[in-house]
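Asks: Okay, handing you the structure first.
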Amino acid sequence: MTRTTTARPLPPHLRAFRFLLVGWNFLVIYLSYKRVQRNKRLAGAEREAAYSEVHRKSAERIYKLAARMEGLLIKTCQFISSRADVAPPEYVSVLSHLQDRVPPRPFAQVEAQVERELGARPDELFDVFARRPVASASLAQVHRARTKDGRDVAVKVQYPGIERVVETDLRNLSILVRILARLEPDFDFRVLMDEVRKYTPRELDFVLEGHNAERVARDLAHRPDVHIPAVLWEHTARRVLTTEFVDGTKISDIPRLLEQGVDPNRVALIMTEAYCEQILVHGFFHADPHPGNLLVLPGPVVVFIDFGLCKDLPEDFRVNYARLTVAIMQQDDEAMVRAFRQLGFETKSQDPESLIALGRAFFESGGPEQRPYVDAEVMPEVNERLAQILDANPVRRIPPDILMIFRVIGLMSGLQKRLDSRVNMFDTIVPYAEREARFVERLTGEAAG
């Protein structure tokens, strides 16, 4: 039995309160960085120490705000803390506590939500239902349970009223992103915000999430080193999702992986291959690989959980992205420009230099050793060179379909660094990309013949 209701917006005074609270913290943090930036007396180690202190205080401020406000602020913190490759370590250290340890809701709220969605209380539906959650995140918390027929399951219960909070936060963050774009033109995240507004509401539909999980499970069923927990549809509704329980180790818990005899580099390779196949072969992928959503079992086996955020790529886009990947990896400038344009990238002038620079920046971000994650030592130089070229001929249009891929690449880069990955990205990625590009070209040739 499933009951659904349309979420009412938060009352005006609560919407205003959330905006003012977030806006005030945004202003305090912004001015803190500006003070260090404009202090000409600071230099060298002293300036670095000043920035480190601002990083720490800002991260703590954001943590307290997110824990209080919940909703999209927690998801933003999860994203930042997952970027160990580029985010200051102070942010990673503080905000990583919000990956799956958000302050939980009282059990009475969970019990009422389960009854509203499934038509009965947890103790009537399950043989055992733990009162304390095993994980709590931005939109829901997970309780371990046992079904009447003895299966261990994870029951994900959406927070009551979170839809209203998310809708309000989307509006407020959109306003702040527009303000930031005016204050700092180099930090224009409006296109990204549009994509967030499009996809975040889908994360609130747990029936859709269950179907997403089953689709990825079918696509990767041939891989014994990847596991997707099965969905129990008889205990699933729009705001309650029940799946097989997997007692794995968080992918970022390196000491625990080593204790279990698991090679972190092997884990990194499995993760990379799984995403290559999802994106380049099937065109449908799990788009939220932060440490709370990837577990590891001895073997190793990488377990993907939380399929609320997934992306389905159009077929022609998937093929052209495969072509772009090959061109970037092989540093083929002509093919790179052609693929960028076929994907829908547009620049102010027809000069291809901006697109070439963009492709090279991806390739060069791993540094001279071609690490599988962003090399923080080379990125300032790469970014400065890229900025000079883009100033002369800016990219006017970035296809929205690629933004989720950028998100996954960024999050994976952070995980690759945590795993101290030595994965050879050329040898791993290119075979998938070449196979898809050549397969389509062969079909096209046969059809033309």
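Every number here is computed from the coordinates shown, using simple stated rules; none is lab data. None of these values were measured; they are calculated from a predicted model. Don't worry about glycine lacking a Cβ; one is built from the backbone with ideal geometry, like all the others, and counts go over all protein chains shown.
Asks: Using Cα pairs closer than 8 Å and at least 6 residues apart in sequence, work out the relative contact order for region 248-449, in percent.
Replies: Relative contact order of region 248-449: 27 percent.
Asks: Which of P380, P104, P133 moves most in a GNM of the chain, Cα contacts under 10 Å?
Replies: Highest fluctuation of the listed residues: P380.
Asks: At a 10 Å Cβ-Cβ cut-off, how would you order R38, R190, R238, fewest neighbours first?
Replies: Placing the least packed residue first, the sequence is R38, R190, R238.
Asks: Related question: Which one, (1) 100, 75, 36; (2) 66, 65, 46; (3) 65, 56, 40, gives Cα extents along the principal axes in Å as derived from the coordinates shown?
Replies: (2)
Asks: Then there's this: How big is the C-alpha Rg of region 248-449 next to the rule-of-thumb value 2.2 N^0.38 Å, as a ratio?
Replies: Relative to the rule-of-thumb radius for its length, region 248-449 sits at 1.07.
Asks: Can I ask one more? Quick one: which residues, 5+ away or cross-chain, put their amide H under 5 Å from the amide H of A230? H built at 1.01 Å from N.
Replies: Under 5 Å from the amide H of A230: E244.
Asks: Pick out, from L411, L386, M329, the residue whose Cα sits farthest towards the positive end of the charge dipole of region 248-449, with +1 on the Cβ of Lys and Arg and -1 on the Cβ of Asp and Glu.
Replies: L411
Asks: Now for a separate question. Compare Y373, Y63, Y51 in a GNM of the chain, Cα atoms joined below 10 Å, and give the one with the largest fluctuation.
Replies: Highest fluctuation among the options: Y51.
Asks: Same structure, new question: Starting at the first residue of region 125-130, write each ³J(HN,Hα) from the Karplus equation 6.51 cos²θ - 1.76 cosθ + 1.60 with θ = phi - 60°, in whole Hz, x for Gly and Pro.
Replies: 8, 10, 5, 9, 9, 5
Asks: Can you compute the helix-only [θ] at 222 nm over the chain? Use -39500 (n - 2.57) per DSSP H run of at least 4 residues, normalise by all residues, nearest 500 deg cm²/dmol.
Replies: My calculation for the chain gives -17500 deg cm²/dmol from helical runs alone.
Asks: In whole percent, what relative contact order does region 164-303 give with Cα contacts below 8 Å and a gap of six or more residues?
Replies: Reported relative contact order: 21 percent.
Asks: Below 8 Å, C-alpha to C-alpha, sequence gap of six or more: please give me the relative contact order for the chain in percent.
Replies: 14 percent
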